[in-house]
Amino acid sequence: MRRFREWLIFVIMQYQQSFIIRSIFVLLIWFCVVCFFPTSACAYQDTLGKIKNSGIITWGFDAEGGAPYVFRDSAHPTKHIGFEVELAESIARELGVKAHCFQNAWDSLLLSLQRDDFDIALNGIEITPEREQSVLFTRPYYVYTEQIVVRASDNRINHLEDLHGKKVGTLYNTEAKRLLEEMGDVAISVYSGQVEPFKDLSINRIDAVLVDLPIAAYYAMPNPQLRMVGSPVGEGYYGIALRKEDIALAEELNKVIEKLLRTGELKKIYRRWGLWNSSQEKLFLHEGLLQKYTESLPSASEKAPLAATKFLSTLLKGALVTISISLLSMMLAVVLGLILAIMRCYGKGWLQKISAVYIEIYRGTPLLIQLYILYYGLPDIGISLSAFAAAILGLGMNYAAYEAEIYRAGILAIPKGQTEAALSLGMSRCLILRQIILPQALRITVPSTTKDFLALFKDSSLVSVIAITELTKSYGILASTSMDFFKLGIITALLYFGMSYPLALYARKLEKRLRTHDKNL
């Protein structure tokens with residue numbers, strides 16, 4: 001009986017081992033299939049056929065971009081409205097299907113399209129030579145121009161040339177930004193959202209805003225503090241983006257857009273949103289509309305030097321901004337954190353409560369919300385900070401809460417007997433804290449403090465939400481412009497590593513030196 005039990009246990013163990021091995025093998029095969037075979041290969045080769053069969057066309061957009069493209073209805077927050085929403089619904093109706101929306105960050109919209117997350121991308125996407133290298137565009141559905149917006153009381157700016165030497169806000173990866181860059185001496189503030197530049201303009205943080213006319217008309221015309229000046233400048237076209245292989249779908253969408261234009265449906269949609277103007281008449285002449293783009297597409301050899309020289313210099317400028325913000329923010333965090341720790345350990349009752357409340361609030365709320373409140377919220381109560389100052393204050397005050405707890409732990413780690421002995425020698429509490437407690441406590445907290453600095457270094461990327469173009473933001477702008485997310489991503493990652501690794505080495509060296517010092521005591 002004993003031998004039988006041993007044999008049975010042996011069989012069960014062998015079965016379990018083989019089952020685990022088989023399971024691991026199956027998981028590896030599944031992982032390889034998911035990672036190395038595109039979804040479209042496993043499902044549908046023909047996107048148009050898939051749409052017809054499923055009865056649904058999925059279109060990607062970013063509602064955070066705002067009006068009048070796609071945005072939330074304030075009366076019904078669950079509903080999306082905008083002229084592109086109506087356009088997408090009209091296209092779906094002509095195709096005999098339903099339109100389903102897919103929310104996606106704007107800067108990765110085309111990347112997600114290529115990943116087959118949705119069928120089409122429709123969100124004020126400008127047709128440019130760089131984008132045509134990566135995706136397929138339909139015929140244009142809107143002709144846009146650039147419009148200057150200034151404060152109603154400002155008479156200095158009336159034409160594009162008047163923007164020389166001024167601080168101008170615009171959206172990243174747009175024709176407006178390219179126009180300002182070509183002018184050379186314009187201080188450009190780049191924003192992710194459409195509301196923020198107009199808010200900064202109204203409170204004198206910038207001198208003017210240059211954006212696409214639909215955006216300017218929607219946000220400036222109803223605002224008595226702002227006005228549009230000068231004639232619209234520049235000209236470009238919005239198109240629906242598709243994957244390169246979706247030629248059949250592109251041809252079908254071209255027919256639908258043509259029909260909506262000829263029947264007047266497109267004109268009705270644009271008039272409802274105040275977007276129809278004389279420029280839209282060019283949509284009827286679509287045959288040669290994109291000829292100037294297709295004639296001068298940059299070759300691969302022409303694009304390589306651009307990525308190696310111009311893009312690298314832009315990334316290096318972003319890296320310098322990241323270093324500046326990180327160093328200044330950490331200095332603030334260290335000083336303020338030490339003050340908070342001393343207040344909590346040695347302060348009177350009300351000081352201890354203030355310190356505890358500060359620490360819990362800052363540790364219990366997202367850093368992103370804190371940055372928004374500092375930069376966009378404080379002007380509502382009469383306090384206006386520059387973007388750079390708000391970035392330093394936001395990061396520094398947030399990390400001060402964490403540093404305070406680190407320093408408090410270091411202070412409490414010092415035996416009370418040292419304080420009692422010093423008091424018996426007639427030393428004051430202030431002198432004890434300065435000469436005995438803090439030197440030992442700070443030595444204990446060095447490893448944790450350096451780790452926090454590395455974390456702050458990477459969290460500095462969040463300041464891009466308040467118009468700071470640091471390293472991560474620079475990468476996002478360049479990658480969405482060139483559609484080269486991989487190579488630029490590797491360069492950006494190497495820059496971050498090159499900036500943070502020396503600090504990590506220094507931290508290890510310092511820790512080793514402190515351990516040696518403690519052993520010699």
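Brief remarks on what is shown
- Matching helices (runs of 4 or more DSSP H) fully within the stretch 38-96 where at least 1 residues are modelled with pLDDT under 90: 39-42
- Every residue from the stretch 378-395 that is more than 20 Å from Thr469 (Cβ to Cβ) and open to solvent by less than 30 Å² (accessible area, probe 1.4 Å): Pro379
- Candidate set: the stretch 106-122, residues that are of a type in the set (A, V, I, L, M, F, W, C) and open to solvent by 50 Å² or more (accessible area, probe 1.4 Å); chosen: the one nearest to Ser134 (Cα to Cα): Leu111
- Residues that are in contact (Cβ under 8 Å) with a residue 24 or more places away in the chain, farther than 30 Å from Gly239 by Cβ and touching a helix residue (DSSP H, G or I) at 6+ places or on another chain (Cβ under 9 Å), drawn from the stretch 155-164: Arg156, Ile157
- Of the numbered criteria (1) at pLDDT 50 or above; (2) in a helix (DSSP H, G or I); (3) open to solvent by less than 80 Å² (accessible area, probe 1.4 Å), the one Phe25 fails is (3).
- Near pairs, Cβ below 9 angstrom, 6+ apart or cross-chain, from the stretch 343-368 (closer than 17 Å to Tyr407 by Cα) to any residue that is of a type outside the set (A, V, I, L, M, F, W, C) and exposed (fewer than 13 other Cβ atoms within 10 Å of the Cβ): Tyr346/Arg429
- All conditions in (1) touching a Gly at 6+ places or on another chain (Cβ under 7 Å); (2) within 14 Å of Gly239 (Cβ to Cβ); (3) of a type in the set (Val, Ile, Thr) hold for Ile148, with the sole exception of (2).
- Residue within the stretch 240-247 that is of a type in the set (Lys, Arg), in a helix (DSSP H, G or I), under 22 Å from Leu87 (Cβ atoms) and modelled with pLDDT of 85 or more present: no
- Those residues of the stretch 400-409 which are among the aliphatic types (A, V, I, L, M) and either touching a residue at least 40 places away in the same chain (Cβ under 8 Å) or buried (at least 22 other Cβ atoms within 10 Å of the Cβ) (or both), in sequence order: Ala400, Ala401, Ala404, Ile406
- Restricting Lys167, Lys177 to those that are crowded, with 17+ Cβ neighbours inside 10 Å, touching a Ser or Thr at 6+ places or on another chain (Cβ under 7 Å) and touching a residue at least 12 places away in the same chain (Cβ under 8 Å) reduces the list to Lys177.
- Residue check, Asn123 under 26 Å from the mean Cα position of the chain (by Cα), in contact (Cβ under 8 Å) with a residue 24 or more places away in the chain, within 24 Å of Pro222 (Cα to Cα) and in a loop (DSSP other than H, G, I, E, B): yes
- Positions within the stretch 311-354 being outside any helix (DSSP H, G or I) and open to solvent by 60 Å² or more (accessible area, probe 1.4 Å), in sequence order: Lys348
- Ala422, sole failed condition from (1) open to solvent by 30 Å² or more (accessible area, probe 1.4 Å); (2) without any contact (Cβ under 8 Å) to a residue 40 or more places away in the chain: (1)
- Subset of the stretch 410-419 [open to solvent by 40 Å² or more (accessible area, probe 1.4 Å) and either at pLDDT below 85 or in contact with a helix residue (DSSP H, G or I) (Cβ under 8 Å, 6 or more places away or on another chain) (or both)]: Leu412, Ala413, Gln418
Conditions (1) among the β-branched types (Val, Ile, Thr); (2) more than 20 Å from Gly124 (Cβ to Cβ); (3) outside any helix (DSSP H, G or I); (4) without any contact (Cβ under 8 Å) to a residue 40 or more places away in the chain, marked per residue:
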position	(1), (2), (3), (4)
Gly193	no, no, yes, no
Phe198	no, no, no, no
Val209	yes, no, yes, no
Pro214	no, no, no, no
Pro222	no, no, yes, yes
Met228	no, no, yes, no
Asn254	no, no, no, no
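- Filtered residue count, the stretch 173-219, keeping only those that are under 18 Å from Tyr376 (Cβ atoms) and not aliphatic (A, V, I, L, M): 14
The values are calculated or read from the model by the stated rules, or taken from the named source; none is laboratory data. All values reported here derive from a predicted model rather than from experimental measurement. Using ideal geometry, Cβ is built from the backbone for each residue, glycine included, and neighbour counts are taken over all protein chains shown. What goes into the accessible areas is simple: the full protein's heavy atoms, side chains included, and nothing from ligands, DNA or RNA. Shrake-Rupley method; radii C 1.70, N 1.55, O 1.52, S 1.80 Å.
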